[in-house]
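Data block below; observations after.
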Amino acid sequence: MAEIVLVHGAWGDGSVWLDVIPVLQRHGHRVRAVHLPLTTLADDIAEVRREVASFDGPVVLVGHSYGGTVISGAAKDNPQVAALAYVAAYVPDEGETIPSLNSQFPDSPGVGAMVFHEDGWSFLDPNLFPEALAADVPPERAAALAAVQRRTHSGCFVAPSGPGAWHDLPTAYAVSTEDRILHPDLQRWLADRAGAECVELDASHYPLFSQPEAVAAVIDKISVRGE
């Protein structure tokens, strides 16, 4: 049994893990999903650190999308974190930002769904959300996800990351091969650089909904290494 903290990405909340959580619980794990403030990267890292501290023993951190940047920071110099798992997620190293990582590969077709306001807050065009993030999710559910999305401040994306905790911890990565928002080749490059145990899922940016069993299997496997 492992203690696991699940970290969502931009424009979402902890409920994106609702299909994965029961699978992990059936396997005997203790699981919590955080709700990031999505105000700054530092605020989000602090929230995850608080959640980790609520457990007594070693913790596996799992990040989806932007949540990968958050867990990389929350795990650094945190002796309670035993392993990391990234699901269609960013795995930055020191000084890198989400834009700087994205710039290494061609733009993904879904980037046109992003809308940024002058005050820094961003959201995804609800009409483009399903195709950009959730093309393999049932249409009604994808539309509901678009309707409940949370605004995310652009400061989360442009804040430079600290040293990557993945240098020092067992790491797993699940690549979404049909991702239209985070380039699959960038995902592969990040996984390779991190020396991660890597699997590829024939999925959109949201395998949490379309392939929860496969996502849980990745977490299961790295949890064993973190014990």
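The values are calculated or read from the model by the stated rules, or taken from the named source; none is laboratory data. Remember, it's a predicted structure, so these values are computed and weren't measured experimentally. Note that each Cβ is placed from the backbone with ideal geometry, even for glycine, and that neighbours are counted across all protein chains shown. Ligands, DNA and RNA are stripped out before the accessible areas are found, and what is left, the full protein with its side chains, is counted by its heavy atoms. Shrake-Rupley method; radii C 1.70, N 1.55, O 1.52, S 1.80 Å.
For the reader, a short list of remarks on this structure follows.
- Options Ser161, Ser210, Ser154: the member that is more than 16 Å from the chain's Cα centre (by Cα), polar (S, T, N, Q) and farther than 13 Å from Ala89 by Cα: Ser154
- Within the range 195-215, the set of residues being buried (at least 24 other Cβ atoms within 10 Å of the Cβ) and among the hydrophobic types (A, V, I, L, M, F, W, C) comprises Ala203, Leu208, Val215.
- Qualifying strands (runs of 3 or more DSSP E) (wholly inside the range 1-116; at least 3 residues being among the hydrophobic types (A, V, I, L, M, F, W, C)): 3-7, 59-64, 81-87, 114-116
- Checking the stated criteria, Ala10 turns out to be in contact with a Cys (Cβ under 7 Å, 6 or more places away or on another chain), under 26 Å from Glu213 (Cα atoms) and small (Gly, Ala, Ser).
- Checked against (1) farther than 17 Å from Arg151 by Cα; (2) under 12 Å from the mean Cα position of the chain (by Cα); (3) touching a residue at least 60 places away in the same chain (Cβ under 8 Å), Ala75 meets all criteria but (2).
- Number of the condition not met by Gln80 [criteria: (1) within 20 Å of Ala33 (Cβ to Cβ); (2) exposed (fewer than 15 other Cβ atoms within 10 Å of the Cβ)]: (2)
- Count of the range 125-142 residues which are assigned to a helix (DSSP H, G or I) and buried (at least 18 other Cβ atoms within 10 Å of the Cβ): 5
- Looking only at the range 143-180, and only at residues there that are of a type in the set (Asp, Glu) and in contact (Cβ under 8 Å) with a residue 24 or more places away in the chain, the one that is least open to solvent (accessible area, probe 1.4 Å): Asp179
- Some residue of the range 16-39 being of a type in the set (Ser, Thr, Tyr), touching a helix residue (DSSP H, G or I) at 6+ places or on another chain (Cβ under 7 Å), over 24 Å from Asp220 (Cβ atoms) and open to solvent by 30 Å² or more (accessible area, probe 1.4 Å): no
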